[in-house]
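For reference, the structure discussed in these notes is given below.
The values are calculated or read from the model by the stated rules, or taken from the named source; none is laboratory data. Note that the structure is a prediction, hence the values are computed from the model and not measured. Counting neighbours? That spans all protein chains shown, and the Cβs are built from the backbone with ideal geometry, glycine included. SASA here: full protein model, heavy atoms, side chains in, ligands and nucleic acids out. Shrake-Rupley method; radii C 1.70, N 1.55, O 1.52, S 1.80 Å.
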Amino acid sequence: MLQNAEAELARYQFIVYPPPVPGAPWLSVCIGPDGRVLDSEAFATFEEADLVTFRAEAVLFDSIVRQMEIAHVYAVERALH
């Protein structure tokens, strides 16, 4: 199940873009499997943007794992009835 969750997470892109001009912020972006921007946030430093991006990826991964566990339990329960 963990490999399936990793494969699902790989469908998302987590990117930190550098400032395009001096004085502009760093930009953390999450792009979904369909190519749409799911979230973005501006930060003063790369370190802040990178940390938040890493945490967002971890939260999404945990959510995917929980959804798969729930779906698995539901499928097992349905098979028993």
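Points worth noting:
- When GLU69 is tested against (1) part of a loop (DSSP other than H, G, I, E, B); (2) at negative phi, just one condition goes unmet, and that condition is (1).
- Extreme residue, farthest from the chain's Cα centre (by Cα), among residues of the stretch 3-18 that are part of a helix (DSSP H, G or I) and surrounded by 10 or more Cβ atoms within 10 Å (Cβ to Cβ): ASN4
- Scoring VAL21 on the criteria (1) in a loop (DSSP other than H, G, I, E, B); (2) among the aliphatic types (A, V, I, L, M); (3) open to solvent by less than 50 Å² (accessible area, probe 1.4 Å) leaves a single failure, condition (3).
- Each residue in the stretch 24-46 was checked for being surrounded by 11 or more Cβ atoms within 10 Å (Cβ to Cβ) and charged (D, E, K, R), and 2 of them qualify.
- Of everything listed in (1) surrounded by fewer than 15 Cβ atoms within 10 Å (Cβ to Cβ); (2) assigned to a helix (DSSP H, G or I); (3) modelled with pLDDT of 95 or more, the single unmet condition for ALA49 is (1).
- Listed by first and then second residue, the pairs linking a residue in the stretch 7-19 that is under 20 Å from GLU47 (Cβ atoms) to a residue that is open to solvent by less than 80 Å² (accessible area, probe 1.4 Å) and of a type in the set (S, T, N, Q), with Cβ atoms under 6 Å apart and 6 or more places separating them unless they lie on different chains, are PHE14/THR53; VAL16/SER28; VAL16/THR53.
- Whichever residue in the stretch 52-67 is more than 9 Å from the chain's Cα centre (by Cα) and open to solvent by 50 Å² or more (accessible area, probe 1.4 Å) and, among such residues, is farthest from GLU6 (Cα to Cα): VAL52
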